[in-house]
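The block underneath contains the structure these notes are about, expressed in structure tokens.
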Amino acid sequence: MKKVFANPVEMIERGAPRLIRSDKELERYTDALFELTALAKPSVAEIEAINLLSLLIDKYESERFAIAAASPIEVLKFLMEQNGLQQRDLMGELGSESNVSLILSGKRNLTLSHVQRLSKRFGVSPSVFLESLATAAWCTDLASSQFGFGG
């Protein structure tokens, strides 16, 4: 049996959700989403509406309020600034003060244990610190396999 879907043009003409094009529309969609997520027991249709509105809001916000990618070291420096920390304050997570200095200057890469400790200290996902770690691991693997260096 062939399933029949509603005509999307007719749905949009009747006011079905569509791509968000302004901050005013974003506000309306966000208000609708808050109302739906406040329901104690949403119906299947309400859950579908929650999912759809979430996708539309996420798409608009990620395009409208895009955040430039930051390196793990830039993220670390930002977190230090926001928390009023000095280099010596990270010795517990990164080792000696000279090691902290080398990492912050980009002369030494973060290790997996550094990432784990920093993530725990700042309450952030480890992924914010992994870009340089992946590159460092790749370089170490390459040096080890191609030239006998590394470990």
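Each label was represented as a point 7 Å from its Cα along the Cα-to-Cβ direction; for D31 and K107 these points are 5.7 nm apart. Among F78, F34, the order by Cβ neighbours within 10 angstrom, fewest to most, reads F34, F78.
Read-outs throughout are calculated quantities, based only on the coordinates presented, and are distinct from any laboratory measurement. Computed from a prediction, not measured in an experiment: that's the story for all the values here. Cβ coordinates were reconstructed from backbone atoms using ideal geometry, including for glycine residues, and neighbour counts include every protein chain displayed.
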